[in-house]
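Undergrad: Got a structure for you, written out below as C-alpha cells; questions coming shortly.
The values are calculated or read from the model by the stated rules, or taken from the named source; none is laboratory data. From a predicted model like this one, the values you see are computed outputs, not experimental measurements. Counting neighbours? That spans all protein chains shown, and the Cβs are built from the backbone with ideal geometry, glycine included. Please note that ligands, DNA and RNA were not included when accessible areas were found on the heavy atoms of the full protein model with its side chains. Shrake-Rupley method; radii C 1.70, N 1.55, O 1.52, S 1.80 Å.
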Amino acid sequence: MAEPVTGSAAPALLVSGGKITASHVGRDAYVYVRQSTPTQVQQHTESLERQYELRERAVGLGWPAHQVVVIDADLGRSGARTDGRLGFRELVADVGLGKVGLVLGIEVSRLARNNADWYQLLDLCALTDTLIADADGIYHPGDFNDRLVLGLKGTMSEAELHLIRSRLTAGLKHKAAKGELKQGLPVGLDYDTEDQVVLTPDEAVAEAIATVFRRFDELGSARQVLLSLREDGLLLPRRANGSARITWRAATYPAVHDFLSNPAYAGAFVFGRTRTEKRVDASGRVTVRVRLLPRDQWAVLIPEHHPGFITWAAFEANTARLRANWRPPRGHGGGAPREGRALLQGLLRCGRCGRTMQTGYSGAKGNSPRYVCARAKQLYGTAHGCQSIGGGRLEKTVLTQLFAILEPASLEATAKALAEADTHYRQRMVAFELAVERARYEADRAHRQYDTVEPENRLVARTLERMLEDKLGAVRRAENDLRAQQARRPVTLTDDEVAWIRRAGADLASVFHAATTTIIERKQLIRAVIDHIVLTVNAETRVAQLRIQWQGGADTELPMAMTKRGGHTRTTSEDTVTLIRRLAEHYDDRTIAVVLAKQHRTTGTDQPWTKTRVKALRVSRGIPANQPPPNENVVPDDQDAIVVTITDAEKLLGVSKVTLYRWLRDGFIIGEQITPGAPWRIRIDQNLRNKIQPDVPAGWLTLDQAAHALDIARQTVLHKVQRGQLQAIYVNRGRRKGLRIQVKPDQTGLFDTPR
C-alpha cells in the first residue's frame, strides 16, 4: 500500500519507508510539469510554481540535484491526448529505456487524462521498476494494491475531464440557443458597445461584400464572380480570426465562396455547423477532421438575428445554386454552365431511371453534343444503358418552345433592362469610387509618416519611401480602374426611344444566336426559364417524349420525332450533290475536289472535300465516274470541231496557256466553265485553226501598226477584231510570233465615215 503522509510533511511527498531503493536512486528522478492552456500558464502561476517545487522534494527523497530532470515541454498542452506532447513522449521513452527511477507529478492528471496513455505508462513503469509519486504518496505500479489506486486515480482524472467539458459545453449550448453566445464574426460584421451584431461602418468593406453578392446574382457562379473581380482589379477585405485589422487582397475562390456560404452575412445566428470526427488512417494513427453538417443537423439556427447583407431567402437560393454548380464525379450529369456546346447540359433527366443524363461529344471536331444515360450499366453491369439521343434536333425543339414561351415577355423585359442599365452601372461604380477613396487615404497616411521621419535617418526613411511609392501606385491603379469603368457607361434612352422599343419589340432568338453571346450565357438564359427536362426515348417508334418543367412549376409535354434508323441529319446539301453530278461528266474526282475546295464547300460532317470523299459520295448517289476519251481528253463536238482542256489546247494550237487565258478574256476564242473554279474547256473548230498560222501573210500588221494605220487606240482595234470588223490571226512560230491584223487600204478608222 502507499505510505501515508504524516506530520509537518503533509503537503510534501512521503519519505519512503522502504519503496525507494538504491536501484531507484541510482537512476534519474523526472518531474513532469504541464498546464492545459496558454491562459493557465500566464494566469495560474501558483499551480505552476508548486509543480516546479517538486524538484526540491525529489532531492528530499534522496536524489542528487543533478539527477533531477524537469520536463516542461508540454506547457499549454492538453493531457487528453498525446498529439504534440513531446515532453510526455520523452518521459515514456526514457522510462522504457530504464533511465527513470521516479516520476513525480503534482497529481496524476498532469501526466495523462486518458486511460490509454495512463495505462501505457503504468505498464512500462511496472516492467522497469519505476516509481510514481504525487501529492498523496509514492506508488509502485508493479504492486497490485498500488496499481489499483493508480488505475482509480486515472479513471477519476478522465471522468473529471469529461465532467468539465460537459459543463462548459452545456453552458455554451444554453447561451447559443438564445442567440447570446459571442462568436467570432467574419469581416463586414462587428459587435457594438452592447455586444449586438451590426454591419461594419467601413463603407469600402460593406460595398466590396455587397458587390460579391450582386455579381453572383448576375453571373450565377462563384468562379465567374472571381474572374470578374480579377478582371476589374477589385480587392476583397479579409480579417484573421481574433484580429481587428482588415487587409485587402486580390480575390480568391475560397474568399468568394466564404462570402456566399456564410449564413452570418444573411443575418442568421448559427451554432453547431460542424462536427469533429476521429478515425484511424492507413498508418494506424488517429486523425481528427472537422466535417460540415447538413442544415437540418445544425444545433442552433436563428434567422433574422442581426442585420445582414442579404435576406435569408436569398441565402438559401445562393446555397442551392452553389450546390447545383458543384461539379459531380465523372459519370454524373449536372454542374454549372460550362463552355461545351451542349446547351441542355445538366437539365436532362432520364425518364426511365430518373438520373441526370450525361453529356458527350462526337464528330471529327468533337462539337456534336449527345446525351446519354449509362449509369445503370456502369453501376449494376446491365447489358445496355437506359437511353441516348443526339443533341441537334433535341436542342432545336426545346429552343423553339422556349422562344414561344418568352415571346410575350420579351418586349417588357427588354424595355425594363434598358431602363435599369444606368442603375446597375451606378451600383458597379460605387465599389470603384470607394476603392479610390481608400487608396488615397492610405497614401495620405503613408505620406504623413514619411514627412515625420528625420531625413538623416535613412534606415527608416528608405522603408517609408518605398511604402509611400507602393501606396501612390495603388492610387494610380485604382484611378485607372475607375476611369475604365466610367468609359463603359451605357447610353441613356429617352422616353420616346423606350416607348418605341415597347412597340417594336426585341428578337430574343437573334440575341440568343448572336456571335457576341457566349455558350455560357446561352445556358444561363435556358436555366433561368427551364428547371429540368424529363426525356423518354421510344426506340421502336423513334419518338422521344419530352416534359419540360419550367421555373415556377408549369410544365409542357410534347413528342419529338427522331431520325429514322439508317438516316442522319449530317448530309451533303443537294446543291453540292447536283454540282458534283455535273462535274463528274467532264472531270475526275481529284479535279472535282479542287473545284469544291475553291468554292469553300464542305461535306455533311463539315469536312473538306478530298478525292476519296468525292468518290464515296458518287458511289452512294449512283453518279458514274468520268471516262476520258482515248484521244487524250479530246472530245468531238461536231464534224469539224472538238472541245478540249486548256492543256490539250496548248498542244493542239501551239500557243501557251497564258495566251489562251488572255484570248478567253479578250474574246478571241470561245470557252466554257461549268462552275466558278472549274477548269476551262476550249472549243476548237476549223475557223479557230485558220486563225493560227506559222508565217505572217503579206500586208498583215502588228497591233501597234494597225492602230497607227487606222489612227485609233489599241483597245479599239481589239474591239473591232472581237466584233469581226477586222480580220486577225496569231503567228505561233519564229521571231515574228504574235497577233497580226489585216488592214485593207479602204479600211475605215474610228472617226471615218465609210463611202
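Undergrad: Do the conditions hold for residue 586, that is, is it farther than 30 Å from residue 397 by Cβ, open to solvent by 40 Å² or more (accessible area, probe 1.4 Å) and modelled with pLDDT under 85?
TA: Yes.
Undergrad: A follow-up question, please. Under the condition of being within 18 Å of residue 112 (Cα to Cα), open to solvent by 10 Å² or more (accessible area, probe 1.4 Å) and part of a loop (DSSP other than H, G, I, E, B), which residue from region 135-151 is modelled with the highest pLDDT?
TA: 140
Undergrad: Next up: Quick check on region 257-270: of everything there that is outside any helix (DSSP H, G or I) and in contact (Cβ under 8 Å) with a residue 60 or more places away in the chain, which residue is most open to solvent (accessible area, probe 1.4 Å)?
TA: Per the stated criteria, the residue is 262.
Undergrad: Looking at this structure, is residue 531 farther than 17 Å from residue 396 by Cα, open to solvent by 50 Å² or more (accessible area, probe 1.4 Å) and at pLDDT 80 or above?
TA: Numbers: farther than 17 Å from residue 396 by Cα: yes; open to solvent by 50 Å² or more (accessible area, probe 1.4 Å): yes; at pLDDT 80 or above: no.
No, not satisfied.
Undergrad: Can I ask one more? Please determine, by comparing only the residues of region 541-562 that are loosely packed, with under 14 Cβ neighbours inside 10 Å and of a type in the set (S, T, N, Q), which one is modelled with the lowest pLDDT.
TA: 551
Undergrad: Hey, does region 240-248 have a residue that's within 22 Å of residue 311 (Cβ to Cβ) and either touching a strand residue (DSSP E or B) at 6+ places or on another chain (Cβ under 9 Å) or of a type in the set (Ser, Thr, Tyr) (or both)?
TA: Initially, region 240-248 is screened for residues within 22 Å of residue 311 (Cβ to Cβ), giving none.
Taking every residue of region 240-248 in turn, none turns out to be within 22 Å of residue 311 (Cβ to Cβ) and either touching a strand residue (DSSP E or B) at 6+ places or on another chain (Cβ under 9 Å) or of a type in the set (Ser, Thr, Tyr) (or both).
Undergrad: Could you look through region 271-287, keep only residues that are among the β-branched types (Val, Ile, Thr), surrounded by 10 or more Cβ atoms within 10 Å (Cβ to Cβ) and more than 31 Å from the chain's Cα centre (by Cα), and pick out the one that is nearest to residue 180 (Cα to Cα)? Outline the logic, then answer.
TA: Here is the first cut: in region 271-287, the ones among the β-branched types (Val, Ile, Thr) are 274, 276, 280, 286-287.
Next, only the ones that are surrounded by 10 or more Cβ atoms within 10 Å (Cβ to Cβ) stay: 274, 286-287.
Adding the requirement that they be more than 31 Å from the chain's Cα centre (by Cα) leaves 286-287.
Values: 286: 35, 287: 33 Å.
Step by step, filter region 271-287, then rank; the result is 287.
Undergrad: Could you tell me which numbered condition residue 254 fails, if it satisfies all but one of (1) under 28 Å from the mean Cα position of the chain (by Cα); (2) surrounded by 12 or more Cβ atoms within 10 Å (Cβ to Cβ); (3) over 26 Å from residue 436 (Cβ atoms); (4) not small (Gly, Ala, Ser)?
TA: Against the list (1) under 28 Å from the mean Cα position of the chain (by Cα); (2) surrounded by 12 or more Cβ atoms within 10 Å (Cβ to Cβ); (3) over 26 Å from residue 436 (Cβ atoms); (4) not small (Gly, Ala, Ser), residue 254 comes up short only on (2).
Undergrad: Separate question: I'd like the residue in region 598-630 that is in contact (Cβ under 8 Å) with a residue 40 or more places away in the chain and closer than 16 Å to residue 582 by Cβ and, out of all such residues, is surrounded by the most Cβ atoms within 10 Å (Cβ to Cβ).
TA: Checking each candidate, the answer is 617.
Undergrad: Any residue in region 68-80 that is on the phi > 0 side of the Ramachandran plot and either surrounded by 13 or more Cβ atoms within 10 Å (Cβ to Cβ) or free of Cβ contacts under 8 Å to residues at least 60 places away in the same chain (or both)?
TA: Going residue by residue through region 68-80, those that are on the phi > 0 side of the Ramachandran plot are 76.
Narrowing the set further to residues that are either surrounded by 13 or more Cβ atoms within 10 Å (Cβ to Cβ) or free of Cβ contacts under 8 Å to residues at least 60 places away in the same chain (or both) leaves 76.
So far as region 68-80 goes, yes, one or more of its residues are on the phi > 0 side of the Ramachandran plot and either surrounded by 13 or more Cβ atoms within 10 Å (Cβ to Cβ) or free of Cβ contacts under 8 Å to residues at least 60 places away in the same chain (or both).
Undergrad: Has region 120-132 got any residue that is open to solvent by less than 10 Å² (accessible area, probe 1.4 Å), more than 20 Å from residue 65 (Cα to Cα) and modelled with pLDDT under 85? Spell out the reasoning first.
TA: So the first thing to find is which residues in region 120-132 are open to solvent by less than 10 Å² (accessible area, probe 1.4 Å), and the list is 121-122, 125, 130-132.
Remaining after also requiring more than 20 Å from residue 65 (Cα to Cα): 121-122, 125.
Next, only the ones that are modelled with pLDDT under 85 stay: none.
Checked against the condition, which is being open to solvent by less than 10 Å² (accessible area, probe 1.4 Å), more than 20 Å from residue 65 (Cα to Cα) and modelled with pLDDT under 85, region 120-132 yields no hits at all.
Undergrad: Still on this model: Can you find, within region 694-727, the residue that is least open to solvent (accessible area, probe 1.4 Å) among those that are among the charged types (D, E, K, R) and touching a residue at least 12 places away in the same chain (Cβ under 8 Å)?
TA: Keep residues of region 694-727 that are among the charged types (D, E, K, R), which gives 695, 704, 711, 714, 720, 723.
With the extra rule that they be touching a residue at least 12 places away in the same chain (Cβ under 8 Å), the set shrinks to 695, 711.
Details: 695: 110, 711: 128 Å².
The residue in question is 695.
Undergrad: Run down 189, 185, 199, 181 and say which single residue is at negative phi, touching a Pro at 6+ places or on another chain (Cβ under 7 Å), surrounded by 15 or more Cβ atoms within 10 Å (Cβ to Cβ) and among the hydrophobic types (A, V, I, L, M, F, W, C). Before the answer, list the steps.
TA: Numbers: 189 fails: touching a Pro at 6+ places or on another chain (Cβ under 7 Å); 185 fails: touching a Pro at 6+ places or on another chain (Cβ under 7 Å); 181 fails: touching a Pro at 6+ places or on another chain (Cβ under 7 Å).
Sole residue among the options that is at negative phi, touching a Pro at 6+ places or on another chain (Cβ under 7 Å), surrounded by 15 or more Cβ atoms within 10 Å (Cβ to Cβ) and among the hydrophobic types (A, V, I, L, M, F, W, C): 199.
Undergrad: Only residues that are open to solvent by less than 60 Å² (accessible area, probe 1.4 Å) and either β-branched (Val, Ile, Thr) or under 60 Å from the mean Cα position of the chain (by Cα) (or both): list them for region 672-693, please.
TA: Within region 672-693, 674, 675, 677, 678, 679, 681, 682, 684, 692 meet the criteria.
Undergrad: I'd like the residue in region 437-459 that is open to solvent by 100 Å² or more (accessible area, probe 1.4 Å) and not charged (D, E, K, R) and, out of all such residues, is nearest to residue 477 (Cα to Cα). Talk me through it step by step, then tell me what you get.
TA: So the first thing to find is which residues in region 437-459 are open to solvent by 100 Å² or more (accessible area, probe 1.4 Å), and the list is 437, 440-441, 445, 448, 452, 454, 456, 459.
Retained after the next criterion (residues that are not charged (D, E, K, R)): 441, 452, 459.
Details: 441: 14, 452: 26, 459: 28 Å.
Selected residue: 441.
Undergrad: Still on this structure, I have one more. In this structure, is residue 59 in contact with a Cys (Cβ under 7 Å, 6 or more places away or on another chain) and either of a type in the set (Val, Ile, Thr) or surrounded by 17 or more Cβ atoms within 10 Å (Cβ to Cβ) (or both)?
TA: Against the criterion (in contact with a Cys (Cβ under 7 Å, 6 or more places away or on another chain) and either of a type in the set (Val, Ile, Thr) or surrounded by 17 or more Cβ atoms within 10 Å (Cβ to Cβ) (or both)), residue 59 does not qualify.
Undergrad: Can you find even one residue in region 332-343 that is hydrophobic (A, V, I, L, M, F, W, C), at pLDDT below 80 and not in a loop (DSSP other than H, G, I, E, B)?
TA: no
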